[in-house]
Amino acid sequence: MSKLVDSYRHKGLRKRLIEEVRSKGIRDEKVLSALEAVPRHYFMDSSFLEMAYQDKPFPIGSGQTISQPYTVACQTELLMVEKGMKVLEIGTGSGYQACVLEKMGARVFSIERHHSLYLRAKELLAKMNYKVRVFYGDGYKGLPAYAPFDRIIVTAAAPYLPDALLQQTKTGGIIVIPVGAGDTQVMKRITRIDEEDTREERFGYFRFVPLLGSKTR
Ligand code: SAH
């Protein structure tokens, strides 16, 4: 892994990106500050510097992508994270979204099913001194040993809301999940009102890589 350098040039590009994300409708200043604080180029190959600060998704290997910054901002805003909350992310990928959540003040747990991505993210986050805890496993099952969570964010397209995730959400807790098996997914925010009841809100269409079944190496 190359040395991590966050130059004035990177910071300048990032400021511009944040303004772009803001102009697309993200209003939560805490979310915008978190995005501004995390050097997105650390999560991509160093030869793609210009790409890191465009509002676009980008391949990170193993057929996966780092989400578009606007999408990261949007999901983070919908999640309504407060300082000290326990947050579970399904789909660590590059680790970028997890870092944005930690910058929001969350205690972050993240699951990745691709072993190579899991190892890479774990190494990078340790090097960046983030406390995010990364797990190699199947996100459909959640993380029962550390449940319940205040918030759960799914960063891959889910055909449905896995019941394990709902069960691992605190009463009053929130799940943000893109649901749909086709090309596009509806962004849903599900609030667990009590043991039996949930409230569902919808926030437009997005395009994610699919949430997959059993683990791969
Ligand atoms: N949040 C990531 C982007 C995620 S892309 C980032 O900030 O970079 C979706 C990720 O979900 C991929 O890395 C993919 O390998 C992972 N994934 C797919 N199915 C999964 C599952 N069942 N459990 C955990 N991770 C899964």
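The table for this structure:
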| read-out | value |
| --- | --- |
| Net +/- balance of residues flanking L143 in space, Cβ distance below 11 Å, scoring K and R +1, D and E -1 | +1 |
| FRET efficiency, R16 to L212 (Cβ-Cβ, R0 30 Å, nearest 0.05) | 0.30 |
| 222 nm mean residue ellipticity, helices alone, for the chain (DSSP H n ≥ 4; -39,500 (n - 2.57); rounded to 500) | -8500 deg cm²/dmol |
| Between region 1-45 and region 123-168, the Cα center-to-center distance that results, in Å | 23 Å |
| Proxy reagent accessibility, fewest Cβ within 10 Å first, across E19, E112, E36, E195 | E195, E19, E36, E112 |
| Placed amide H near E89: partners under 5 Å, 5+ positions off or other chain | F109, S110, I111, I153 |
| Region 98-217: equivalent-ellipsoid semi-axes (sqrt of 5 x gyration tensor eigenvalues, Cα, Å) | 23, 18, 14 |
| Computed over region 8-206, the ratio Rg/Rh where both radii use C-alpha atoms and Rh is Kirkwood | 0.94 |
| Trypsin sites (Lys or Arg not before Pro) within region 1-68: DSSP coil, no more than 16 neighbouring Cβ in 10 Å | K3, K24, R27 |
| Estimated inter-spin distance, L166 and S47, nm [label 7 Å along Cα→Cβ] | 4.7 nm |
| Under 20 Å from the Cα of K56 - lysines, other chains or at least 8 residues apart | K11, K15, K24 |
| Cα-Cα pairs of region 1-112 separated by more than 24 Å (percent) | 20 percent |
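Bear in mind these aren't lab numbers, they're just calculated from the coordinates by the rules spelled out. What you see is a predicted model; the values in this text were computed from it and never measured. Note that each Cβ is placed from the backbone with ideal geometry, even for glycine, and that neighbours are counted across all protein chains shown.
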